[in-house]
Each structure stands twice: as C-alpha cells, then as structure tokens.
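Data first, discussion second: the structure below is written as structure tokens.
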Amino acid sequence: MTVNSRSIAGFTLIELLVAVVIIAILGLAALNQFVAQHQAYVAQSIGVRTAQNARAGFDMLIREARNAGYDPRGITGASITHWTADSFGWTADLNADGDLNDVGEDVLYFFQADPGAMVRREGLVEVEMTDGVSDLSFAYFADPGGTAAQSVNSIELVAVAMTYLTAEGTLPGALRTQVAVRNAIYE
C-alpha cells in the first residue's frame, strides 16, 4: 500500500523555521520592553530617593536654623556667625545652661560644589547631609517685607533655596522657604 504524501498531517521544515523566527522576534520585543520598563523603574527610584534625601536634609537645616542666636539667659552671646550667599552658621544655647559647648550649639551649613552637596559642620566634624545638590543659597532680611539685612544683628528672616537633581539628571527639584530666626528675641 502506498501512502499519499499529501495526506500526512504535520509541518514542513520551512513552516517550522518561519514559526521559530516569528517566536524569536516576539520574544526579543517582549524582552526589550521588560528591560526598558526596568530601567525606567530604576531611574525613577533613584530620583525619588534623591528627592527624599534632599527634603530630609533641607528640613533639618530649617528646623535647626530657627534656633540661630537662641540665648534665653542672655549670657552666652549666641548669634549668627556666618551669613554669606552659600553658607549660614550660628551658635545657640539650646539647653539654656549658659555655654555654647553642647551638641548642636555651634552649627554651619554650606554648599560644597564638588561633589554637589549640602554639608553640615559642627566643630571639626563635617557631614554631607544630602548629595545631588546643584545649588544652595541663603538671603537675609531685616523684616517680613523683604528689606535686606545690613548687619548680623538685623537679621530676622533667612530665605533658603536649594536645587537638586539625580546623577542621571532626572527629576530635578527645588526647595524654598523662609525661616524666622530667634536671635532677635533675646537682644
């Protein structure tokens, strides 16, 4: 008995090769899509982490700056010690013990261009508070109306502005606020 070759069910070699090529193309497309989504997720995670770090460092600066010149007993001479466009420093008698030798009572914040960071100095110890900072600036005012301070004793408000971005340049951000310092209260 002879078998008709047309009646045998199955695929030809060419049909199988075409199917394999189509499956490979679809697989590569799916893999490329997965890789692109993963890269976007990683970049976004880095950007969010940078923004969170910038906000945390900025908030700490603002919280501490409110105490600039705090001297409740009026005997330590606590005051604003640095007031430049890219640094702000002060002493404060935080525990009202009559000296400025305790933790957090002599602080300086400044912008360090290389590597792009906001740095906090207390005594001889410098700590990089946040990286990815492209600018940190301070402006000093004698009143809420925006009159520029002419002397350290006339400073009542400090405007702080910080811009940051991730290493890849994604998610740039800016933080700005004004801080009413306590130095004028105890004169």
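The values are calculated or read from the model by the stated rules, or taken from the named source; none is laboratory data. Model, not experiment: these values are computed from the prediction. With ideal geometry, Cβ positions are generated from the backbone for all residues, glycine too; neighbour counts draw on all protein chains shown.
Data overview
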quantity: Near pairs, Cβ below 8 angstrom, 6+ apart or cross-chain, from the stretch 64-77 (touching a residue at least 24 places away in the same chain (Cβ under 8 Å)) to any residue that is among the acidic types (Asp, Glu) and surrounded by fewer than 21 Cβ atoms within 10 Å (Cβ to Cβ); calculated: THR76/ASP99
quantity: Residue that is nearest to the chain's Cα centre (by Cα), among those in the stretch 71-88 that are in a strand (DSSP E or B) and crowded, with 20+ Cβ neighbours inside 10 Å; calculated: PHE88
quantity: Residues within the stretch 69-89 that are under 13 Å from VAL158 (Cα atoms) and among the charged types (D, E, K, R), tallied; calculated: 1
quantity: Scan of the stretch 46-70 for residues that are among the hydrophobic types (A, V, I, L, M, F, W, C) and either farther than 16 Å from MET162 by Cβ or within 11 Å of the chain's Cα centre (by Cα) (or both), ordered by number; calculated: ILE46, VAL48, ALA51, ALA54, ALA56, PHE58, ALA68
quantity: Lone unmet requirement of (1) under 22 Å from the mean Cα position of the chain (by Cα); (2) surrounded by 19 or more Cβ atoms within 10 Å (Cβ to Cβ); (3) under 17 Å from ARG63 (Cβ atoms); (4) not aromatic (Phe, Trp, Tyr) for ARG182; calculated: (1)
quantity: Checking PHE111 against (1) under 16 Å from MET129 (Cβ atoms); (2) at pLDDT 90 or above; (3) assigned to a loop (DSSP other than H, G, I, E, B), the condition it does not meet; calculated: (3)
quantity: Identity of the residue in the stretch 128-148, hydrophobic (A, V, I, L, M, F, W, C), more than 14 Å from the chain's Cα centre (by Cα) and part of a strand (DSSP E or B), that ends up surrounded by the fewest Cβ atoms within 10 Å (Cβ to Cβ); calculated: ALA148
quantity: Qualifying residue in the stretch 102-114 (condition: surrounded by 12 or more Cβ atoms within 10 Å (Cβ to Cβ) and touching a residue at least 60 places away in the same chain (Cβ under 8 Å)); calculated: no
quantity: Only one of VAL133, VAL107, VAL152 that is aliphatic (A, V, I, L, M) and closer than 20 Å to ARG176 by Cβ; calculated: VAL133
quantity: Set ILE8, ILE22: member being modelled with pLDDT of 95 or more and not small (Gly, Ala, Ser); calculated: ILE22
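Yes or no, residue by residue, for (1) hydroxyl-bearing (Ser, Thr, Tyr); (2) free of Cβ contacts under 8 Å to residues at least 40 places away in the same chain; (3) in a helix (DSSP H, G or I):
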| site | (1), (2), (3) |
| --- | --- |
| PHE11 | no, yes, no |
| ILE14 | no, yes, yes |
| LEU17 | no, yes, yes |
| ALA24 | no, yes, yes |
| VAL35 | no, yes, yes |
| ALA40 | no, yes, yes |
| ALA43 | no, no, yes |
| THR50 | yes, no, yes |
